[in-house]
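> Sharing a structure, written as structure tokens. Questions coming.
The values are calculated or read from the model by the stated rules, or taken from the named source; none is laboratory data. Note that the coordinates shown come from a computational prediction; the quantities given were computed from them, not determined experimentally. SASA here: full protein model, heavy atoms, side chains in, ligands and nucleic acids out. Shrake-Rupley method; radii C 1.70, N 1.55, O 1.52, S 1.80 Å.
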Amino acid sequence: MSSSRTARRLVAGVLASGALLAAAALPASAHDGHGRHQTPRSTVALGEIQYDSPGRDNGSNRSLNAEWVEVTNNGRRAVNLNGWTLSDSDGNRYRFKNLWLDGRSSVRVHTGLGRDTRTDVHQDSRDYIWGNRGDTATLRNDRGRTIDSESWGRGHHGGNRH
């Protein structure tokens, strides 16, 4: 066999090995064993979740706004969340509008009424959304693709994510 043919086969073998290693290092999705499912391609993910409003659930706007889900951009660049949605198991859905989430920052999505800012937005609900005994928060991008989800209660491990 000629030396150029041997060199080509050696290079092809090295490239194929590298491709296999790269494919093994990038799973299609990841589970952490605590009811969490995240697609690794997005820098945006669910952060802390306060699904059980502290104190008595009296239905006041203050109590409703003490229930929230945090959405975090772990990347360096800002991400436009316009059209992204946050939903629960019962079909309640919040749609982000005209919100750029800066790199390495978070926004809290509160249940009750309020004035939206860069760090706090409101679902304007007059009822609690996140189930204290079990629920799933699902974050989808503007194309409807699930980016991250977190489940708690009803057989799921985990709890308040603080």
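> Length gain on complete extension for the stretch Asn82 to Arg115, per 0.36 nm per residue less the alpha carbon to alpha carbon distance? Mind showing how you got there, number by number?
Values: separation 33, 0.36 × 33 = 11.88 nm, distance 1.74 nm.
My answer for the length gained is 10.1 nm.
> Over all alpha-carbon pairs of the stretch 64-162, lay out the pair-distance distribution in 10 Å bins, whole %, shortest bin first.
Histogram of Cα-Cα distances, whole percents per bin: 15, 50, 31, 4.
> HN-Hα J couplings of the stretch 69-79 from phi, Karplus 6.51/-1.76/1.60, θ = phi - 60°, integer Hz, Gly and Pro as x?
10, 9, 10, 10, 9, 7, x, 8, 9, 5, 10
> What number comes out for accessible area per residue over the stretch 40-142 if the probe is 1.4 Å? Units Å², please.
Working: 5570 Å² over 103 residues.
Heavy-atom SASA per residue in the stretch 40-142 reads 54 Å².
> Continuing with this model, one more query. First compute the accessible area of the stretch 115-156 with a 1.4 Å probe, then give the percent of it belonging to carbon and sulfur atoms.
Working: 950 of 2480 Å².
That fraction is 38 percent.
> Taking θ as phi - 60°, what are the ³J(HN,Hα) couplings along the stretch 121-135 by the Karplus curve (6.51, -1.76, 1.60), each to the nearest whole Hz, with x for Gly and Pro?
These are the phi-based 3J(HN,Hα) values: 10, 10, 7, 6, 8, 9, 10, 5, 10, 7, x, 5, 8, x, 5 Hz.
> Fully extended, how many nm does the chain gain between Ser60 and Asn74 (0.36 nm per residue separation, minus their Cα-Cα distance)? Intermediate values should be presented prior to the final figure.
Numbers: separation 14, 0.36 × 14 = 5.04 nm, distance 3.28 nm.
Value of the extension gain: 1.8 nm.
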